[in-house]
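All remarks here apply to the structure that follows.
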Amino acid sequence: MSIIQSITDSWSWVGIEPDEIVGENEFGNLIVKDTSQKYWRLCPEDVYCEVVAQNRAELDELSKNQDFLEDWYMESLVQQAKEKLGKLSENHKYCLVIPGVLGGAYDISNIKTAPLKEMIMFSGNVAKQIQDLPDGAQINLNIVA
């Protein structure tokens, strides 16, 4: 199964119809162009997939935004992960064991590596289950292997 198919299978419920991956970082965040030429950010560690640019010009502007770039590259955390976990193997990314949206810390003690496809599927599953819950709600996740 391709990464595009994983995105379709796991995230189409948010409205994305992925066409091409145009960017990715070491934590499995993806910039995905959809079939209508919009650009989405899929963020596994915070379990969201949302439009970040309506067209290429907006994406080019976003790529100059320092806050976005700092969040995108996560340089300090990537460096810590490389030091503790080593270089990423093929098709793997660093990930938060407990996603940030569920209270997981952006800390080296909460970071492992995982296959990108699994991260996409897991985050889409969790996001769908918690989408309508208010902040602070108690949850009971159903994980199906």
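All of the numbers you see were taken from the coordinates with simple rules; none came from a lab. Model, not experiment: these values are computed from the prediction. We place every Cβ from the backbone using ideal geometry, glycine too, and count neighbours over all the protein chains shown.
So what is the relative contact order for segment 3-130, in percent, with contacts set as C-alpha pairs under 8 Å and at least six apart?
25 percent
Average the reciprocal distances over every distinct pair of alpha-carbons in segment 1-82, invert the result, and give the Kirkwood radius in Å.
Result for segment 1-82 stands at 13.2 Å.
Assigning unit charges at the beta carbon (Lys, Arg +1; Asp, Glu -1) and nothing else, what dipole magnitude in debye, to the nearest 20, does the chain show about its Cα centre?
420 debye
Please list, in chain and number order, the residues 5+ apart from HIS92 or on another chain whose amide H is under 5 Å from its amide H, with Hs placed from the backbone.
Correct list: LEU116.
In Å and on Cα atoms, what radius of gyration and Dmax does the chain show?
15.0, 41
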